[in-house]
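For reference, the structure is listed below as C-alpha cells.
No value in this document is a laboratory result; all are computed from the given coordinates. This is a predicted model, so every value here is computed, not measured. Using ideal geometry, Cβ is built from the backbone for each residue, glycine included, and neighbour counts are taken over all protein chains shown.
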Amino acid sequence: MATLTHRIARPDDLAVLRPLADAAIAELQRPFLTPEQVAASRALMGIDTLLIDDGTYYVVEADGEIAGCGGWSRRATLYGGDASPGRDPALLDPARDAARVRAMYTHPDHVRKGVGRRILSVCEAAAASEGFRTAELMATKAGEPLYRACGYEPVEDVVDDRGGAPVPLVLMRKALAAPGP
C-alpha cells in the first residue's frame with residue numbers, strides 16, 4: 001500500500017490537477033450517469049482556483065505522485081469549478097454558515113485507498129479550526145457512499161441541468177468536531 005501524504009495545492013499543480021479531475025469525472029461517474037450527463041458534469045464541476053488562492057485546497061500524494069485533490073471554502077459557492085456558472089465569492093460567517101467541502105477528485109487508479117478520507121479529514125479539521133461548526137457539500141452519485149461513510153447526512157436531492165443534461169446530486173451536511181486544545 002502506498003504511503004499517503006498531503007499538502008496545500010499550488011498554482012503550478014494545476015497542470016496535473018485539471019486532467020486528474022477530468023479523469024475522475026469521466027471514469028468514476030460512468031456507472032451512475034449517462035454519457036450526456038457525464039459531459040454535462042464537466043460544465044458543472046472542476047477545479048476552483050480561488051480555493052488554491054485561499055490556501056484551502058489540498059493534494060494527496062501516494063508515494064510522491066498526486067493521487068487526488070480537494071478542498072474546503074469559507075466562501076458561498078457550494079460547488080463548481082472556474083468555468084461553472086453562478087459562483088459567489090462572498091465570505092461565510094462561521095457562527096451561522098456551513099463551510100463548503102469542494103472539488104474533491106481522486107484519480108481512478110487510486111480509488112478506495114484512503115485518498116478521499118484523507119482530504120475530508122484535512123478539510124474538516126481546517127474548517128473547524130476557523131470556527132465552522134458544520135460542513136456542507138454537493139455530492140455526486142459516485143461520491144455519496146464515501147461521504148455517508150464519513151458521517152455526512154443527505155439534506156436534499158438536487159438535479160442540476162445547467163450543463164445541458166440533468167445531473168443528479170445530493171446536498172449533504174455534517175457537524176464538525178470542535179478543534180482540540
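As a rough footprinting exposure proxy, the listed residues His6, His110 were ranked by other beta carbons within 10 Å of their own, and the order from fewest upward is His6, His110.
The stretch between Thr5 and Val155, if pulled fully straight at 0.36 nm per residue, gains 50.9 nm over its current Cα-Cα span. With the convex hull drawn around the C-alpha atoms of the stretch 44-108, the volume per residue stands at 91 Å³.
Annotation: extensible slack from Asp12 through Ser129 equals 39.4 nm (criterion: 0.36 nm per residue apart, minus Cα-Cα distance). When each of Glu156, Glu144, Glu36 is scored by the number of other beta-carbon atoms lying within 10 Å, the sequence from fewest to most is Glu156, Glu36, Glu144.
Distance distribution P(r), the stretch 100-181, all Cα-Cα pairs, bin width 5 angstrom from 0: 3, 14, 23, 23, 18, 12, 5, 1, 0, 0 percent.
Taking the fewest neighbouring Cβ atoms within 10 Å as the starting point, the ordered list for Cys123, Cys69, Cys150 is Cys150, Cys123, Cys69. As an equivalent ellipsoid, the chain spans semi-axes of 22, 20, 16 angstrom, where each value is the square root of five times an eigenvalue of the C-alpha gyration tensor, largest first. Working note: Karplus 6.51/-1.76/1.60 with θ = phi - 60° gives the stretch 10-21 the couplings 10, x, 6, 6, 4, 4, 9, 5, 5, x, 5, 4 Hz, where Gly and Pro are set to x.
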